[in-house]
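Report on the following structure.
Every read-out reported here was derived from the displayed coordinates using simple, explicitly stated rules and does not represent laboratory data. Just so it is clear, the model here is predicted, and its values are computed rather than measured.
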Amino acid sequence: MLHYEAMENIKSFLPQIKIFESLPGEIIRDIEQLVTRSNMYKLSKNSILQMPGDERNGLFFVIAGKLRLYKTNSAGKQHTVCILSKDGMFGEVETFSLGTTGVYVETMEESIVFSIPTEQFEPLLRKYPELSLRFLSEISKRLRDQEEFVEKLVFRDLRGKVLYFLHRLSKKFGIEENGYLKIDIPLTHQELANMIGATREAVSIILQELSNEGIIVTSRRMVMVHIEKAMKELA
């Protein structure tokens, strides 16, 4: 459910964003001064917020919804960089990059995002070392996650890629049910294929194999991953 009240009381959400949690009140108050309705985006599903060559200025924070960041090759195939949900962030400022240059940013469902322009955020980073350290830590974590992601997708066959990606989604967005993790993102075979840069036909065959073996359970736009069986194969 989309939190429409975020549009009515933007500033109350700041302390709830993970990277801002437990920051001194002085820092939160300074950040609050930068948040206005003019830099709040209420987006419908499948909205393109950014395209390569038209990167957004500043940092963007997800208040509600889910966004997919992806690249395309010369043949038009899509490769997912990451999926962001509540508390996620992306963007570029002078001091650091969150690795979103040259990527598409598209909503997977109705979403609310707010931004802080570079020229407003940079002074805060210089003023508050604690805030800078928070972002450096987040960048390091993001780099580690992406390095693992690229490694797994490069060195696995298609079955391994599909299962790894589903397992990754289930850990991040899964709801546990009877030994399975139900991925809380509606997924078609085509959408999954786009995420790993494969064809829908090939992905459908792999999904059927995994389903027959009891590693996953699928229905219309829903996937559940068996925790123990998936981890055993991916080990």
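Tabulated data for the structure shown
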| read-out | value |
| --- | --- |
| Global geometry of segment 20-179, whether rounded, prolate or oblate, following the gyration tensor of its Cα atoms and the 1.5 cut on a/c | prolate |
| Filter on LYS66/LYS232; LYS45/LYS182; LYS86/LYS152; LYS42/LYS171; LYS45/LYS161; LYS42/LYS152 - keep pairs with C-alpha separation over 31 Å | LYS42/LYS152 |
| Whole-Å distance, taken between Cα centres, linking segment 57-124 and segment 165-186 | 23 |
| Structure-based [θ]222 nm, the chain - -39500 (n - 2.57) summed over DSSP H runs of at least 4, per residue, nearest 500 | -12000 deg cm²/dmol |
| Cα gyration tensor, segment 36-108 - rounded (a/c under 1.5), prolate or oblate | oblate |
| Cα gyration tensor category, rounded, prolate or oblate, for segment 126-174 with a/c compared to 1.5 | oblate |
